[in-house]
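Any read-out appearing in this document is the output of simple, stated calculations on the displayed coordinates, not a laboratory observation. Computed from a predicted model, the values in this text were never measured in an experiment. Don't worry about glycine lacking a Cβ; one is built from the backbone with ideal geometry, like all the others, and counts go over all protein chains shown.
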Amino acid sequence: MGGLMDMIADPEHRALFDWWLSARGAREMPSRSDFDPLDHPGLLPRLFIVDVNPLPPHFRYRLCGTEIDEQQGYPMTGRTFEDLFEGELYRFTQERFADVAFHRRISYHTTYFTNDNTAKRSRFTRLLLPMSEDGDRIDTVLGSRTRVSDFRRNFDELDHDAKIRRRYEIAVVPAAEADRAKATALERPGCRGRTPA
């Protein structure tokens, strides 16, 4: 498997990753104060910023783009993962962000979810980038989520469709080596639930 940038097809994810690499300079990662969302107006509807707390609840949305809120059907800003997700969806989301916040990695992955009983099922790619104000503790995760495709079927059909149980596509690299390390592929069984940002 090649470097992470080689795996990222979406131009918005690539632009955000380019910014992150450039903004960090000689540091392991940039800080939250380096990033002004208004400097990225084309990305803003699909951007999110999540605050990291060392004690539970670990993750709270500081900012969530309007397009993500519309897809969710409710505002995400100010809410914790515990407020928003449950079951397998909560575990998957918590694991991906914990990988970034507590293991100092960048995560790029695909998710497949049904967000409500209308069975609108969507495929998203999501890029998670760590940021640290003091250069040591990761206190913020910057990310973007892009919808790849979606379709409508009734809930019962989706619930019994083997494809819904497909495996996630997950790639991670150590933040310190993001510009040169080969990406590591991880796999997790698929799940059903509300779509996370």
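Worth pointing out:
- Legend: calculated FRET efficiency, ALA26 to ASP6, from the Cβ-Cβ distance at R0 = 25 Å, rounded to 0.05, equals 0.60.
- Given R0 = 22 Å, the distance between the Cβ atoms of ASP179 and ARG91 translates into a calculated FRET efficiency of 0.10.
- Taking a ≥ b ≥ c as the square roots of the eigenvalues of the alpha-carbon gyration tensor, segment 19-67 is classed oblate because a/c is 1.5 or more while a/b is no larger than b/c.
- Listed peptides 63-76, 89-102 by packing density, highest first (mean Cβ within 10 Å): 89-102, 63-76
- Computed lengthening from THR66 to ASP136, 0.36 nm per intervening residue step minus Cα-Cα distance: 22.1 nm
- Ranked SER144, SER122, SER33, criterion: other C-beta atoms within 10 Å, fewest first: SER33, SER122, SER144
- Neighbour counting of Cβ atoms within 10 Å sorts the residues HIS103, HIS58, fewest neighbours leading, into HIS103, HIS58.
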